[in-house]
Amino acid sequence: MSSVPPDPALQETVAAERARIEAGRAALRASYETRPLTRALLHGHATLIDGAVIRVWQACRMPMFAALAAVGGYGRGELFPHSDVDLLILLPTPPDTGLGARLAVLVSALWDIGLAIGHSVRTVDECLQAARADITIQTSLLEARLLTGEGALFKHLRARYHEQLDIREFFRAKLLERDQRYARHSDTPYALEPNCKESPGGLRDLQLLGWIARAAGLGRNWRELARRRLITGNEASDLRGCERFLQHVRIRLHYIAGRAEDRLLFDYQERLAHAMGIEPSLARRASENLMQRYYLTAKKLTQINGILLQNYGNEIFSERGLPAIIINDHFQAVRELLDLRDENVFERHPPALFECFLLLQQRSELKGMTARTLRALWVNRVRINPAFRTDPGNRARFLEIIQQKRGIVHAFRGMNQCGILSRYLLPWRKILCQMQHDLFHAYTVDQHILMVLRNMRRFTMGEHAHEYPLMTRLILGFERHWLLYIAVLFHDIAKGRGGDHSILGMDDAREFCEAHGLQAEDTELVVWLVRHHLTMSHVAQKEDTADPQTIQKFAATVGDERRLTALYLLTHADIRGTSPKVWNGWKGKLLEDLFFITQRLLRGATPQQALRQDTRLERARQTLRYHGLRAGIEDELWARLDAVYFMRHTPDEIAWHTRILYFQVTTGDPVVKARVSDESEGLQIMVYAPDQKDLFMRLTGFFSRMGFSILEAKVHTTRHGYALDSFILQNTNDDGNYRDILSLIEHELVITLHHPDKITRPAPGRLSRQVRHFPVTPQVSLRADEAGRHYILSLTTADRPGLLFDIAEVLARHDINVETAKIATLGERVEDTFLLTGGGLSLAARAIKVERELLERLDIRDQGAGSGERI
């Protein structure tokens, strides 16, 4: 407890200042809403807090020898509505007990007037020692501003600080700090919910530029930097525009959230757009227009940031005037960077806009471009006009960039950043910084395409062969594999136009290929890949690939092995490029199985041979012999299984089931066995029990309560009335410690199966923020297969807890049997497919009723919140 007695005068001051701050903040907000000027608000708020802090300092009768300084953003004189107030209490010597008690009263009083205080109490020596040890403290002291107290002591600190400051070390440390910050935000400005302060292209990047300029004495604002020719006048204006926009975003976020919130969460994006006067368009929500503007701002800031930091480095390390190495008539190398030989190269010779990227690819000693080259690229991007686009030399050079052995992804990222790509490929403009609120893409459309391009390039690189051995073998044997890069560039280029982007993108791809002189067969391959880039994923994840008709239909669509290989490579790269959460080993196995089955069919095998039905039983028998089981032990069980079972299970699964059930065939107790599946990166569960009503629904409910997500279900009934079901599961918590819970799952599920009359609904769970703010309209399709013996139920909806249980409950109510289920979870969106029998589905009225009930159950608008997990 403080030894300082209560002070009535201080209490009056605290009450008065609290009221004054509340009134002042309300007035500042009202003024901002009337006339939104960021500088007036931020400086006005800092001035308001200055007065309150000084008066509390005085009311606490702090000693004359102490000084009070504002540091950090507050020291800059900028204070956002709910930002912390960072203070330095500077003393000539460490405080004694009495002064320590008075300081505690001061800090408590500052909190009581409604400020979120961040404070430190240090001597000058302690400040300098802390600055040497921590770049964050060193930076905050750079902007220290005296509020009240002993001015000479503060001046002494400033002098000692600048004597100690090593600008070169400061520059290096700030760049390292920036790299760490970028890494925490996945090195991209284009996240779904970026942090407007900390993410790449955010306010912190602007502050970084200001800190280094101030520390190096290069300037205190953008105009001063322009006068020193570190940036152009236009770049200074662009920086101020970026700064104002990001300040508006952060101010509005603080007001909307009612607290210090810097993340553009889905919860706030629509309200933020409305507050900033951004309206919806015909094809986009207001929030999507807001985010596109945000991404374009971050893109511009990132570009200028790179130019200015490079110029800072030249000034700080005195690297001007170093000898240049001549490359050709247009370019030279300076400090391992590609440089223009004069400022007017692009103006005199526009083809050099492509040539510079080609040189970076061809000359491995070049690490990048100089600041003036980057600036000139941006300024001269407008020279890419119709004449440039139709010039045969430029078209050949663009293809040459695509065909290089190295640097392709780097070149396309650079062309995208500098505005070259959107000027040359006109459809690219429409997808630039376009967000995809489809609940599974984690990047804007243009960044997703570049990520897919990166994945495709990695397939060709030896250092990644251990990650993608099959992909590497296939692409290295694929003649003119650069055609796949063109397909990547166009596969999603028609996103956001309305209609099927796969079909719309075909026209863009064909126009490009024909204009660039590709052979007819190569053009047709690229156009076909754009049209069908989703087909293989759909068949593998949503259709019954054990059905010969399904495989024959897919093989007919593909036509030949070259197209199959190309589509497999593109599909693999595309899925991996959507989001780190979408790809898993199970999807990889589905695609690989479909590839090899179709490959065998295209090479002349019959459907049965392609599916290896003729060798499947023999391979299962070999596995049984390997495990020491004598010949013939499988006969009794296999006699009770029909051909459908053997078509839908792999030889390994057949052998596993047989080994488990060898001693269980004649018993009536449920048998449950679990094992870790390396192929699916999850668990495989086998359930063998007397068939019972609502069994599938009860199993889905059990897995949901255990926190598992079902990836695949194979449901089979033997000839003697037993259910033999198998499931592929993944832990929704993604901890991967499956071996520790195998026995628990087996034990608990057997108990559940012993009580067939007890059906426990999974606990409701909380919907994700993505689903709440960007709901997916449920779609249900129920149709007969070509033979008319089964019905295929396809569902598309938003992911939510208990979803599969609700589906199973509707099906059970109508006595519909599930034979197989494929569950495709794409981020927060699910696309599930079920093969059904029974329930009188041949009657149109019955099928329509089932569809209607499913749509009602899939509607999330009335779903409650809770804490469960989806299955």
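From most to least packed by mean Cβ count within 10 Å, the peptides 831-840, 458-467 give 831-840, 458-467.
Counting only protein heavy atoms and using a 1.4 Å probe, what share of the accessible area of the chain belongs to carbon plus sulfur, as a whole percent?
Reported share for carbon and sulfur atoms: 49 percent.
With the convex hull constructed from alpha-carbon coordinates only, region 560-638 shows a mean projected area of 7.5 nm² over all directions.
About the Cα centre of the chain, how large is the charge dipole given +1 on each Lys and Arg Cβ and -1 on each Asp and Glu Cβ? Please answer in debye to the nearest 20. Don't skip to the answer; put the middle values down first.
Values: 114 positive and 107 negative charges, 437 e Å.
Approximately 2100 debye in magnitude.
Ordering Q403, G114, L374 by the projection of their Cα atoms onto the charge dipole of the chain, which places +1 on the Cβ of Lys and Arg and -1 on the Cβ of Asp and Glu, puts L374 at the extreme positive end.
Name the shape class, rounded, prolate or oblate, that the alpha-carbon gyration tensor gives for the chain, where a ≥ b ≥ c are the square roots of its eigenvalues, rounded holds for a/c under 1.5, and otherwise prolate holds if a/b is larger than b/c and oblate otherwise. Oblate, because a/c is 1.5 or more while a/b does not exceed b/c. Rounded to the nearest 10 degrees, the inclination of helix 651-661 to the longest alpha-carbon principal axis of the chain is 70 degrees. Measuring r between the beta carbons of Q164 and A324 and using R0 = 35 Å, the FRET efficiency lands at 0.45.
Provide the per residue accessible area, probe 1.4 Å, for region 415-553, rounded to a whole number of square angstrom.
Working: 4940 Å² over 139 residues.
It amounts to 36 Å² per residue over region 415-553.
I'd like the distance between the alpha-carbon centres of region 809-825 and region 1-52, rounded to an integer number of Å. Cα centroid of region 809-825 versus Cα centroid of region 1-52: 62 Å apart. Projection of the Cα convex hull of region 214-255, averaged over all directions and equal to a quarter of that hull's surface, yields 3.3 nm².
Using the Cα centre of region 169-314 as the reference point, and only Cβ charges (+1 on K/R, -1 on D/E), how large is the resulting charge dipole? Debye, rounded to the nearest 20. Intermediate results must be reported in sequence, preceding the final value.
Working: 25 positive and 17 negative charges, 96 e Å.
Dipole about the Cα centre, nearest 20: 460 debye.
With contacts taken as Cα pairs under 8 Å at a separation of at least 6 residues, region 71-181 carries a relative contact order of 33 percent.
Among the trypsin sites (Lys or Arg not before Pro) in region 176-263, those located in a DSSP loop and surrounded by at most 16 other Cβ atoms within 10 Å of their own Cβ are R220, R228, R229, R259. For region 438-491, a simple Cβ point-charge model (Lys and Arg +1, Asp and Glu -1, everything else neutral) yields a dipole of about 160 debye relative to the Cα centre.
Once both labels are positioned 7 Å from their Cα atoms along Cα-to-Cβ, the gap between R562 and A183 label points is 4.5 nm. For H119, nonlocal amide neighbours, meaning residues 5 or more places apart or on other chains whose placed amide H falls under 5 Å from its own, are L87.
Taking the longest Cα principal axis of the chain as reference, the axis of helix 124-133 is set at about 30 degrees.
For a distance above 18 Å, tell me the whole-number percent of Cα pairs in region 233-370 that qualify. Don't jump to the answer; show the numbers that get you there.
Working: 6424 of 9453 pairs.
In whole percent, the long-distance tail amounts to 68.
Reported to the nearest whole Å, the Cα centre-to-centre distance from region 125-180 to region 523-538 is 58.
Does anyone have the angle between helix 203-216 and the longest principal axis of the chain? Alpha-carbon axes, 0 to 90°, nearest 10? That helix lies at roughly 40 degrees to the long axis. From its DSSP helices (H runs of at least four residues, each -39,500 (n - 2.57)), the chain gives a residue-normalised ellipticity at 222 nm of -16500 deg cm²/dmol. Would you work out which of I54, L661, I685 lies farthest towards the positive end of the dipole of the chain, given +1 charges on the beta-carbon of Lys and Arg and -1 on that of Asp and Glu, about the Cα centre? Farthest along the dipole direction, towards plus: I54.
At 0.36 nm per residue, and after removing the present C-alpha to C-alpha distance, how many nm does the segment from D642 to L282 gain when stretched out fully? Walk me through the numbers before you get to the answer.
On the way: separation 360, 0.36 × 360 = 129.60 nm, distance 5.45 nm.
Length difference between fully extended and current span is 124.2 nm.
The mean sequence separation of alpha-carbon pairs under 8 Å and at least six residues apart, normalised by the residue count of region 477-533, gives a relative contact order of 42 percent. The separation of region 360-439 from region 623-648, counted between C-alpha centres, amounts to 59 Å.
Once C-alpha pairs closer than 8 Å and six or more residues apart are averaged by separation and normalised to the residue number of the chain, the relative contact order reads 7 percent.
Let me know the volume per residue of the alpha-carbon convex hull for region 380-513, in Å³.
Details: hull volume 17.0 nm³, N = 134.
Cα-based convex hull of region 380-513, divided per residue, equals 127 Å³.
The calculated pair-distance distribution of region 621-763 uses every alpha carbon pair, bins of 5 angstrom beginning at 0, and gives 2, 9, 20, 22, 21, 15, 8, 3, 1, 0 percent. For the listed residue pairs K174/K430; K673/K714; K758/K849; K587/K693; K581/K673; K553/K714, the alpha carbons are over 24 angstrom apart in K174/K430; K758/K849; K587/K693; K581/K673. The stretch between K581 and R293, if pulled fully straight at 0.36 nm per residue, gains 101.1 nm over its current Cα-Cα span.
Which of rounded, prolate or oblate describes region 379-438 when judged by the alpha-carbon gyration tensor and an a/c cut-off of 1.5? Oblate shape, in that a/c is at least 1.5 and b/c is the bigger or equal ratio.
Of the residues A273, A520, T535, the one whose Cα sits farthest towards the positive end of the charge dipole of the chain is A273 (charges of +1 on Lys and Arg Cβ, -1 on Asp and Glu Cβ, taken about the Cα centre).
Select from region 673-760 those GluC sites (Glu not before Pro) which occupy a DSSP coil region and have at most 16 other Cβ atoms within 10 Å, ordered by residue number. Taking region 673-760 and a limit of 16 other Cβ atoms within 10 Å, the loop GluC sites (Glu not before Pro) found are E679.
The label-point distance for E198 and R228, in a model that sets each label 7 Å from Cα toward Cβ, rounds to 3.0 nm.
Let's test the formula: R0 of 45 Å, r as the Cβ-Cβ distance of E479 and R335. What FRET efficiency results, to the nearest 0.05? Don't skip to the end; give the middle numbers.
Values: r = 40 Å, r/R0 = 0.89.
E(calc), rounded to 0.05, equals 0.65.
The length gained by stretching the chain between S781 and A15 to full extension, at 0.36 nm per residue less their Cα-Cα distance, is 269.2 nm.
The values are calculated or read from the model by the stated rules, or taken from the named source; none is laboratory data. Owing to the predicted nature of the structure, the values given are computational and were not obtained by experimental measurement. Quick reminder, even Gly has a Cβ in these numbers, built from the backbone with ideal geometry, and neighbours come from all protein chains shown. Only protein heavy atoms, including side chains, enter the accessible area calculation; ligands, DNA and RNA are left aside. Shrake-Rupley method; radii C 1.70, N 1.55, O 1.52, S 1.80 Å.
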